[in-house]
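Colleague: I am attaching a structure below and will ask some questions about it afterwards.
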Amino acid sequence: MNTGAYNRIITISTCTTTESSGDVTETWSTPVSVRASVEQVDGTRYLKEDELIDRAVYKVKLWDNSYSDNIRVVYEALTLYPIRPITKNPGTSFLNECVMLMAVKK
């Protein structure tokens, strides 16, 4: 396990949804801080309804087995959400390497 690249601290929360009488409620778990690798892989600027929009895509890597697609990551001043399903690569230990492509929700 190469831990040198995992030099950023991010905070992860998972979301659970419950439905009661037709109302859907989202509940976010207590945030957990983990070490990860965070890299900006894309950045675009486009015009939408006469407003200039910036969008940056980040690749987040960490060692864990327990996360699914219903998460959010807080990194520095950004709150990131997955834009693709999480990829889990087998690691050399009992943990998998999770690779997530994430962006700020607009």
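Colleague: Full-extension gain between Ser68 and Asp54, please, as 0.36 nm times their residue separation minus the C-alpha to C-alpha distance.
Modeller: 2.4 nm
Colleague: Same structure again: Name the residue farthest towards the positive end of the dipole of the chain from the options Ile83, Cys98, Ala56, assuming +1 on Cβ of Lys and Arg, -1 on Cβ of Asp and Glu, about the Cα centre.
Modeller: Of the options given, the answer is Cys98.
Colleague: I would also like to ask the following. About the Cα centre of the stretch 8-104, how large is the charge dipole given +1 on each Lys and Arg Cβ and -1 on each Asp and Glu Cβ? Please answer in debye to the nearest 20.
Modeller: In total the dipole reaches around 480 debye.
Colleague: Please list log₁₀ I(q)/I(0) at q = 0.10, 0.13, 0.18 Å⁻¹ for the chain, using the Debye equation with identical point scatterers on the alpha-carbon positions.
Modeller: Those come out to -0.34, -0.55, -0.92, one per q.
Colleague: Longest span of the chain, sites excluded, free of GluC sites (Glu not before Pro) in DSSP loop with at most 11 other C-beta atoms within 10 Å?
Modeller: 1-48
Colleague: Would you mind computing, in nm to one decimal, how far apart the modelled labels at Val41 and Thr87 are, each placed 7 Å from Cα along Cα→Cβ?
Modeller: 0.6 nm
Read the figures in this text as sums done on the coordinates, not as results from a lab. Computed from a predicted structure; not experimentally measured. Note that we place each Cβ from the backbone using ideal geometry, even for glycine, and neighbour counts take in every protein chain shown.
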